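> Sharing a structure with you now.
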Amino acid sequence: MSRALVLSRKPAKLAAAAVAGRLAPGRGATVGPLSLRDVDPPEPPTPEWVRLRPRLAGICGSDLATVDGRASRYFEPITSFPFTLGHEVVGDLDDGDRAVLVPVLHCAVRGIDPPCPSCAAGRTHHCERIAFGHLDPALQSGFCRQTGGGWSLEMVAHPDQLVPVPDEVTDEAAVLVEPTACAVHAARAVRSSAAGSEGTVALIGAGTLGLTTLAALRHLDGDTDREVLVTAKHPEQRRLAAALGATRTVTPSELARAVRATTASLVVASDETTASAAGGQLTGGVATVVDCVGSEASLAQALRVVAPGGDVLVVGMPGTTTLDLTPLWHRETSLRGCYAYTRDDFTTAFEVVIAADLARLLSATYPLSRHREAITHAAEAGARGAVKIAFDLRGEKHR
Amino acid sequence: MPRPGLVLDVDRSTPPMLFHHGESFRLEKLPAGRSRVVYPAEPLDALDDVDGAIADALDHPLDSDPLSARLFAGMRLVIAFDDVSLPLPKMRRPDIRQRVIEAVLDRAAAAGVDDVRLIAALALHRRMTTDELRHAVGDRVYDAFAPDGRIYNHDAEDPDGLAFLGTTPQGEEVEINKAAAESDLLVYVNINLVSMDGGHKSTATGLASYRSIRHHHNPATMEQSRSFMDRHSSELHHSNWRMGKVIRDAGVNVFQIETTLNNDTFGEKGPLSVLQKREWEWSARDRMAFLGMQAGLKRMGPNTRRRAFQSWEAPYGVTSVTAGAVDPVHERTLDHCFAQHLVAVEGQTDVLTMGLPYICPYNVDSIMNPILVMCLGLGYFFNMYRGRPLVREGGVLIMSHPTPWDFHPVHHPSYIDFFEEVLADTTDPKLIAERYETRYAEDEWYRHLYRTSNAYHGVHPFYMWYWGAHALAHLGSVIIVGGDVKAVRRLGFRPASTLQDALEMATDTVGPQPTVTHLHNPPIVMAEVT
């Protein structure tokens, strides 16, 4: 038997989680359909799959949205209940080696041959077959009934999903590789966006995604003088953003003024007070805005401060959102999603994690038995001076 | 006979001292046996016949022909006047500017002068509103000149409205208002509330552009102005005097009119009169009035309280009117200022305390934001000395003010950015100037707001910070009592909840049992420190 944090499809509990999660982020773990259970270890779908025993497994923003019943219904056809959460995983293989999980369940993993055009082009995160093949529908491990997930003592993985961890890389660093791969992917998108390799960038949010994206961008940029403005709500986030290379960190309410001043923009607003405080629409702005939050407020803010013809990259997972897209139309702004990574991003992520010492972003770990505390801590991480929270499975007893 | 200012040694029988605290007050006990209080003089006797004094000054000017003799038909006459930053609080009607301007206009009319412009000499301050202009010059003058645009605010960013007059031997560029520069006579009407005002600074700063003002409003100049209330020891004034010579040599004819006001800030009778009395002389009625005022203020919301204070109009008396050539006029004006403000003080102190009131030159009908708190305390009040600073080098300044993290969005847009961006980086005036000044000064948005709205110029918060450069270099530490903790820390100062805590904290810097001096200001007092 194994132990796992399993999310079941229980509509009433999911509704309760949604209510509780709105009242206090992370409370969905208390009243929702997430439960710690003794489970049978998942069976490998084909003989080539291997067992992975998680050592550390991170709690991601998308996990929190799922636990709190906030995840978009878009995901319904590309997840398969019940599933064990956890896709940021470093674990042990049967041969004693450690590996980091690349959780995307793309064509090769699903036994689909020939692969879809996206996978054939190396863009496995764009896989067009994520609900097909010999696996149940799921965009990633951690959302799939058959694979298990990182919040457990045991899961299965396709060899194509595993990246060996060098001996010199600690578990604490390795567990940051998957989110950093997202960040590398985002940073590459920045460099191919309107900002290019040197233009000013505004980065909204200084949680794990924001900080790792900043680190990745600085890593890829090398020695350029690119200005990067970062919004951070909390003091520890501000400190880390500065340490990782932010030109300037501001609170969210200061961003519009900071961008206005940096870009010598004018402001248009219907009243003098709002305009004077840069509370209206900037006439100019930064070439690229990276939204690592994905909320209605952050997206609206991104559209206010991006330059005409600029790019807004949505890195944080959004949901159903009401947004006035008039400025997007009028200013010919592009709004582009930024999801996951390629295999090459993963390779670079290892370099970034080591070069920028991103293991320092792992603030606290919990055993599975304290999952409610862990999830609450993760949901309140910024306010509590934390960044990444993870489950530590290294001391768990395998039965 | 008004009593002069005095220095009171505090003993155990000394009552608690009044500290202004923004839009409220505090009563604080000072340590007995090692504290003293510098009190302002009572209001000097006002002129009985102000209009007569104005006429006398215009008709018998110093080193000049009478004004009437310098007026002629067909000439271009510009009358410039001090802006809304003077006096503080504003003066009850009729404002002395109105009375002087009316007298000048009467003489101009008699001489057949019909090309007359009135210009508010606001330098890089915000534009005056219609109501403020009306208050300054009076309804009659405003209604005569406003319809065809002959009364207006100086615009230091108008490329077509400035004239470059040359440079001083030190390379300081002199660029002033074109209408004033090209006039046949520039009459400048001052209110010299303190000794810093007036002289060549009136035209060389009040009617100048950023290109010109930057030469003396910078950290190096401010740090070498010791103090800028003593013009002969002030690099700020030396620079303005050099510029004044360039202006004169360029052929600009200035007829300077300077006026002084007495210390009747809160009235000898009325709701605020207790603020003008010495605490040990407070009657039972005064105490009741003070307690009632405090209770009333506590019940008010912040906006109501601000409106109540800002609506106060002081019953100042006019103590002098002097006209003629700039230098002799200003020297006589300084005598009048010092007669009202100077108090002899023996020796410096370890700790200087002060209560900052609700108003400074840059928050009329506005919010006293943290940068202005710094400027009022470390700029204006600290510099209220002649000779040596009241507090010794390495000493501690304790100021009382709520210091809210709050800004008037229309008046102070660049202040918000300065506070959020610049002070988050450094509080060193020199570094601030090097890293940030040009960008703020040349920012098109700030320029637009300065020219079309009621915003201070983009560079203005820098000047407020430079204003405190001398104090920052001189002091060991600064403590603010009762201020917003985050705002105080952003200023680079230390927050304290009570004066007693602040005095205890001060011992970290100046050692145990420090001497304490309280500057009982306002009404205005200036220390002559020997």
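Every number here is computed from the coordinates shown, using simple stated rules; none is lab data. Nothing here was measured: the structure is a model prediction, and the numbers come from that model. We place every Cβ from the backbone using ideal geometry, glycine too, and count neighbours over all the protein chains shown.
> Based on DSSP, what percent of beta bridges with both residues in chain A are antiparallel, to the nearest 5?
Values: 30 of 54 bridges.
Taking every DSSP beta bridge with both residues in chain A, the antiparallel ones total about 55 percent.
> Let me ask something else. Which is farthest toward the positive dipole end of region B:431-530 among B:VAL488, B:VAL529, B:ALA502, measuring Cα position about the Cα centre, with Cβ charges +1 (Lys, Arg) and -1 (Asp, Glu)?
B:VAL488
> Along its principal axes, what span do the Cα atoms of region B:382-530 show, with the longest given first and each in whole Å?
Taking the Cα atoms of region B:382-530, the three principal extents are 52, 32, 31 Å.
> Note down the relative contact order for chain A as a percent, whole number, built from C-alpha pairs under 8 angstrom at least six residues apart. Spell out each step's value before the answer.
Numbers: 959 pairs, mean separation 72.1, N = 399.
RCO, chain A: 18 percent.
> Another one. Sort the following peptides by mean Cβ neighbour count (other Cβ atoms within 10 Å, averaged over residues), highest first: A:114-122, A:99-107, B:311-319, B:215-223.
On the way: A:114-122: 14.3, A:99-107: 26.2, B:311-319: 18.2, B:215-223: 22.1.
Descending packing order for the listed peptides: A:99-107, B:215-223, B:311-319, A:114-122.
> Have a look at A:LEU325, A:PRO137, A:VAL104 and report the one farthest towards the positive end of the charge dipole of chain A, computed about the Cα centre with Cβ charges (Lys/Arg +1, Asp/Glu -1).
A:LEU325
> DSSP beta bridges in the protein assembly as shown, what fraction antiparallel, as a percent rounded to 5? Provide the component values of the computation, followed by the final result.
Numbers: 51 of 125 bridges.
Given both bridge residues lie in the protein assembly as shown, the antiparallel proportion sits at roughly 40 percent.
> Arranged from highest to lowest average of other beta-carbon atoms within 10 Å per residue, in what order do the peptides B:105-113, B:203-211 appear? Please list the in-between numbers first.
Working: B:105-113: 16.3, B:203-211: 25.3.
Highest-to-lowest ranking by the protection proxy: B:203-211, B:105-113.
> Just counting partner chain Cβ atoms within 10 Å, what average do the residues of peptide A:257-265 show around their Cβ?
Values: counts 6, 3, 0, 5, 15, 3, 1, 6, 3.
Taking the mean over all residues of the peptide, I get 5.
> Now, a different point. Hey, what do the phi angles of region B:70-80 turn into as Karplus ³J(HN,Hα) couplings, whole Hz, using 6.51/-1.76/1.60 and θ = phi - 60°, x for Gly and Pro?
Result, ordered by residue: 9, 10, 8, 4, x, 7, 9, 10, 10, 10, 9 Hz.
> So which lysines can B:LYS201 reach, going by Cα to Cα under 16 Å and dropping same-chain residues fewer than 8 places off?
Straight-distance partners of B:LYS201: B:LYS245.
> Throw me the Rg/Rh for region B:209-293, computed over C-alpha atoms with Kirkwood Rh, two decimals.
Working: Rg = 21.3 Å, Rh = 16.9 Å.
Result for region B:209-293 is an Rg/Rh of 1.26.
> Separate question: About its Cα centre, how strong a charge dipole does region B:39-136 have in debye, to the nearest 20, once Lys and Arg get +1 and Asp and Glu get -1 at the Cβ?
Numbers: 12 positive and 18 negative charges, 126 e Å.
Once rounded to the nearest 20, the dipole reads 600 debye.
> Pull out a ≥ b ≥ c, the square roots of the eigenvalues of the alpha-carbon gyration tensor of region B:464-511, then state rounded if a/c is under 1.5, prolate if not and a/b is larger than b/c, and oblate in the remaining case.
Values: a/c = 2.64, a/b = 1.24, b/c = 2.12.
Oblate shape, in that a/c is at least 1.5 and b/c is the bigger or equal ratio.
> Still on this structure, please answer the following. Which value in deg cm²/dmol, rounded to the nearest 500, describes the helix-derived mean residue ellipticity at 222 nm for chain A, given -39,500 (n - 2.57) per DSSP H run of n ≥ 4 and division by the residue count?
Values: 15 runs with 125 residues, N = 399.
Rounded to the nearest 500, it is -8500 deg cm²/dmol.
> Also, quick follow-up: What whole-number value in cubic angstrom gives the convex hull volume per residue for the C-alpha atoms of the protein assembly as shown? Numbers along the way, then the final one.
Working: hull volume 175.5 nm³, N = 929.
Value for the protein assembly as shown: 189 Å³ per residue.
> Could you run the Karplus curve 6.51 cos²θ - 1.76 cosθ + 1.60 with θ = phi - 60° over region A:241-252 and give me ³J(HN,Hα) per residue in whole Hz, x for Gly and Pro?
Per-residue couplings from phi come out as 4, 5, 5, 8, x, 5, 5, 7, 10, 9, 6, x Hz.
> At q = 0.14, 0.26, 0.32 Å⁻¹, what is the log10 ratio I(q)/I(0) for region B:103-152, with the Debye formula run over Cα points and no solvent?
After summing over all Cα pairs, the log10 values are -0.37, -1.07, -1.31.
> Is region A:50-202 best put as rounded, prolate or oblate by its Cα gyration tensor, with a ≥ b ≥ c the root eigenvalues, rounded for a/c under 1.5, and otherwise prolate when a/b is larger than b/c, oblate when not?
Numbers: a/c = 1.37, a/b = 1.14, b/c = 1.20.
Verdict is rounded for region A:50-202.
> Indicate the gyration tensor shape class of region B:128-235 (rounded, prolate or oblate), computed on the Cα atoms with a ≥ b ≥ c the square roots of the eigenvalues: a/c under 1.5 is rounded; otherwise a/b larger than b/c is prolate and the rest oblate.
oblate
> Please work out the C-alpha center-to-center distance from region A:18-92 to region B:407-430 and express it in whole Å.
46 Å
> Could you quote the convex hull projected area for chain A, Cα atoms only and averaged over all directions, in nm²?
Numbers: hull surface 75.7 nm².
Its average projected convex-hull area is 18.9 nm².
> Quote the relative contact order of region A:282-399 in percent (integer), defining contacts as alpha-carbon pairs under 8 Å separated by 6+ residues.
18 percent
> Relative to the Cα centre, what is the charge dipole magnitude of chain B, using +1 at the beta carbon of each Lys and Arg, -1 at the beta carbon of each Asp and Glu, and rounding to the nearest 20 debye? Display every interim value, and only then the final one.
Numbers: 52 positive and 69 negative charges, 290 e Å.
So the dipole magnitude of chain B works out to roughly 1400 debye.
> Moving on to the next point. Between B:SER311 and A:HIS330, what FRET efficiency comes out of the Förster formula 1/(1 + (r/R0)^6) with R0 = 60 Å and r the beta carbon distance, rounded to 0.05?
Details: r = 44 Å, r/R0 = 0.74.
In this case the efficiency is close to 0.85.
> Find the relative contact order for region B:463-530 and round it to a whole percent, using C-alpha pairs within less than 8 Å whose residues are 6+ positions apart.
Worked out over region B:463-530, it gives 22 percent.
> Additional query: For the protein assembly as shown, with only Lys/Arg (+1) and Asp/Glu (-1) charged at the beta-carbon, what is the dipole magnitude about the Cα centre, in debye rounded to 20?
Numbers: 91 positive and 113 negative charges, 544 e Å.
Around 2620 debye, computed over the protein assembly as shown.
> When the label point is put 7 Å from the Cα of A:ALA242 along its Cα-to-beta-carbon vector, which residues of region B:478-496 have a backbone N closer than 14 Å?
B:489-492
> Further question: Using a 10 Å cut-off on Cβ atoms, rank the peptides B:5-14, B:508-517 from the highest mean neighbour count down. Write down the numbers at each step before the final one.
Details: B:5-14: 14.3, B:508-517: 16.5.
For the peptides B:5-14, B:508-517, the packing ranking is B:508-517, B:5-14.
> A further question on this structure: Would you compute, from DSSP H runs of 4+ residues alone, the mean residue ellipticity of chain B at 222 nm, taking -39500 (n - 2.57) per run and dividing by the full residue count, rounded to the nearest 500? The partial results should precede the final answer.
Working: 20 runs with 179 residues, N = 530.
About -9500 deg cm²/dmol.
> Continuing with this model, one more query. Please turn the phi angles of region B:131-138 into ³J(HN,Hα) values with the Karplus equation 6.51 cos²θ - 1.76 cosθ + 1.60 (θ = phi - 60°), one per residue in order, whole Hz, x for glycine and proline.
Along region B:131-138, the couplings run 4, 5, 5, 4, 5, 6, 9, x Hz.
> Can you grab the distance from the C-alpha centre of region B:210-276 to the C-alpha centre of region A:372-399, Å, no decimals?
63 Å
> Between region B:349-394 and region A:214-248, what's the alpha-carbon centroid distance in Å?
Here the two parts' Cα centres lie 37 Å apart.
> So, one more: What is the average number of partner chain Cβ atoms found within 10 Å of a Cβ in B:409-421?
Rounded to a whole number, the mean comes out at 5.
> Towards the positive end of the charge dipole of region B:193-328, with charges on Cβ (+1 Lys, Arg; -1 Asp, Glu), say which of B:ALA220, B:THR259, B:HIS200 has the farthest Cα.
B:ALA220
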